[in-house]
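Trainee: Okay, handing you the structure first.
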């Protein structure tokens with residue numbers, strides 16, 4: 001793929017990474033002055049038969065519509081283009097110059113209570129917008145949060161795992177359902193592990209990220225209470241009762257997300 005030009009416009013200059021949803025590249029837009037950088041996400045169907053391609057095309061179009069809507073937020077990358085080429089699908093998004101939040105969370109560093117509150121509030125304000133669009137991100141983690149160099153704000157990236165909620169995708173209880181679980185170990189609550197993410201699943205991930213910042217320990221390395229399954233962390237730090245109960249952060253959430261967090 002290196003130096004390949006897609007859609008006669010986007011020239012690949014660097015491979016950024018990949019996973020179950022495809023590959024991500026850095027590219028130059030050859031049709032704009034200065035050839036600005038952008039991010040290319042290549043989505044690769046598991047098979048290329050006509051039925052699989054049609055299903056992939058429908059899901060790809062729906063995801064592109066969600067990303068286009070979400071890109072109205074200053075702290076979410078804009079969708080610049082989406083197209084199909086040689087039976088593969090491509091999303092073109094803004095390139096966010098900065099560093100991943102995981103670089104701010106080394107194991108030998110612990111955030112103060114005040115710093116964790118500020119971090120979680122900023123992430124939750126972005127999620128408030130995402131959830132208002134009836135979208136669940138499903139993969140909130142330090143590597144999917146970029147500290148933008150331009151202004152120091154956090155940008156939420158990698159919406160490859162987004163789940164759009166609709167009234168046609170619920171069970172008798174009105175809860176959204178999925179056939180697969182998607183996310184990252186340590187940041188996923190039980191309902192998401194079971195393939196049934198909810199809005200509160202994203203909030204849980206933010207909480208685990210906050211605990212990681214506070215303790216200096218990755219969520220997957222923290223012990224669990226065998227009786228309740230709750231993560232054990234309060235014995236590792238000194239925090240206020242209000243903070244431990246989440247009340248210090250609740251004021252940044254809309255009414256729906258406040259109910260989900262309790």
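The values are calculated or read from the model by the stated rules, or taken from the named source; none is laboratory data. Just so you know, these numbers come straight off a predicted model, no measurement behind them. For neighbour counting, all protein chains shown are included, and Cβ atoms are generated from backbone atoms with ideal geometry for every residue, glycine included.
Trainee: If you scan the range 93-114, which residues turn out to be at negative phi, surrounded by 15 or more Cβ atoms within 10 Å (Cβ to Cβ) and not in a loop (DSSP other than H, G, I, E, B)? Walk me through how you get there before you give the answer.
Mentor: From the range 93-114, those at negative phi are 93-97, 99-114; that's our starting set.
Of the ones still in play, those that are also surrounded by 15 or more Cβ atoms within 10 Å (Cβ to Cβ) are 93-96, 100-102, 104-105, 110-111, 113.
Within the range 93-114, 93, 94, 100, 101, 102, 104, 113 meet the criteria.
Trainee: Let me ask something else. Within the range 217-231, which residues are surrounded by fewer than 16 Cβ atoms within 10 Å (Cβ to Cβ), in a loop (DSSP other than H, G, I, E, B) and modelled with pLDDT of 85 or more?
Mentor: 223, 225, 226, 227, 228, 230 - these are the residues of the range 217-231 that are surrounded by fewer than 16 Cβ atoms within 10 Å (Cβ to Cβ), in a loop (DSSP other than H, G, I, E, B) and modelled with pLDDT of 85 or more.
Trainee: Within the range 17-35, take every residue that is closer than 23 Å to residue 100 by Cβ and exposed (fewer than 13 other Cβ atoms within 10 Å of the Cβ) and give me the one that is modelled with the highest pLDDT.
Mentor: Going through the range 17-35, the residues closer than 23 Å to residue 100 by Cβ turn out to be 17-28.
Checking which are exposed (fewer than 13 other Cβ atoms within 10 Å of the Cβ) leaves us with 17, 19-20.
Values: 17: 86, 19: 66, 20: 60.
Filtering the range 17-35 for residues that are closer than 23 Å to residue 100 by Cβ and exposed (fewer than 13 other Cβ atoms within 10 Å of the Cβ), the one modelled with the highest pLDDT comes out as 17.
Trainee: So, in the range 118-146, how many residues would count as being buried (at least 17 other Cβ atoms within 10 Å of the Cβ) and not in a helix (DSSP H, G or I)?
Mentor: The number of residues fulfilling the criteria is 9.
Trainee: Within the range 82-95, identify whether any single residue is closer than 25 Å to residue 201 by Cα and at pLDDT below 95, and answer yes or no. Please lay out each step first, then the result.
Mentor: First, the residues of the range 82-95 that are closer than 25 Å to residue 201 by Cα: none.
Checking the range 82-95: not a single residue is closer than 25 Å to residue 201 by Cα and at pLDDT below 95.
Trainee: When you scan the range 36-73, how many residues do you find that are touching a helix residue (DSSP H, G or I) at 6+ places or on another chain (Cβ under 9 Å) and within 28 Å of residue 151 (Cα to Cα)?
Mentor: Here the count works out to 3.
Trainee: Something else about it: If only one of 126, 101, 136 is in contact with a helix residue (DSSP H, G or I) (Cβ under 9 Å, 6 or more places away or on another chain) and either free of Cβ contacts under 8 Å to residues at least 24 places away in the same chain or more than 18 Å from residue 189 (Cα to Cα) (or both), which one is it?
Mentor: Values: 126 fails: in contact with a helix residue (DSSP H, G or I) (Cβ under 9 Å, 6 or more places away or on another chain); 136 fails: either free of Cβ contacts under 8 Å to residues at least 24 places away in the same chain or more than 18 Å from residue 189 (Cα to Cα) (or both).
One residue alone meets the criteria, 101.
Trainee: For the condition under 19 Å from residue 145 (Cα atoms), in the same structural domain as residue 128 (by TED's automatic domain parsing) and touching a residue at least 60 places away in the same chain (Cβ under 8 Å), what is the one hit in 211, 217?
Mentor: Being under 19 Å from residue 145 (Cα atoms), in the same structural domain as residue 128 (by TED's automatic domain parsing) and touching a residue at least 60 places away in the same chain (Cβ under 8 Å) holds for just one of 211, 217, which is 217.
Trainee: Among residues belonging to the range 232-253 that are outside any loop (DSSP other than H, G, I, E, B) and surrounded by fewer than 16 Cβ atoms within 10 Å (Cβ to Cβ), point out the one that is modelled with the lowest pLDDT.
Mentor: First pass over the range 232-253, keeping only residues outside any loop (DSSP other than H, G, I, E, B): 234-236, 241-244, 247-250.
This time we only want the ones that are surrounded by fewer than 16 Cβ atoms within 10 Å (Cβ to Cβ), so: 234-236, 241-242, 244, 247, 250.
Working: 234: 89, 235: 90, 236: 89, 241: 82, 242: 81, 244: 77, 247: 62, 250: 54.
The qualifying residue modelled with the lowest pLDDT is 250.
Residues checked against (1) in contact with a strand residue (DSSP E or B) (Cβ under 6 Å, 6 or more places away or on another chain); (2) crowded, with 17+ Cβ neighbours inside 10 Å; (3) modelled with pLDDT of 85 or more; (4) more than 19 Å from residue 76 (Cβ to Cβ):
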{"site": "152", "(1), (2), (3), (4)": "no, no, yes, no"}
{"site": "165", "(1), (2), (3), (4)": "yes, yes, no, no"}
{"site": "173", "(1), (2), (3), (4)": "no, no, no, yes"}
{"site": "179", "(1), (2), (3), (4)": "no, no, no, yes"}
{"site": "183", "(1), (2), (3), (4)": "no, yes, no, no"}
{"site": "190", "(1), (2), (3), (4)": "no, no, no, yes"}
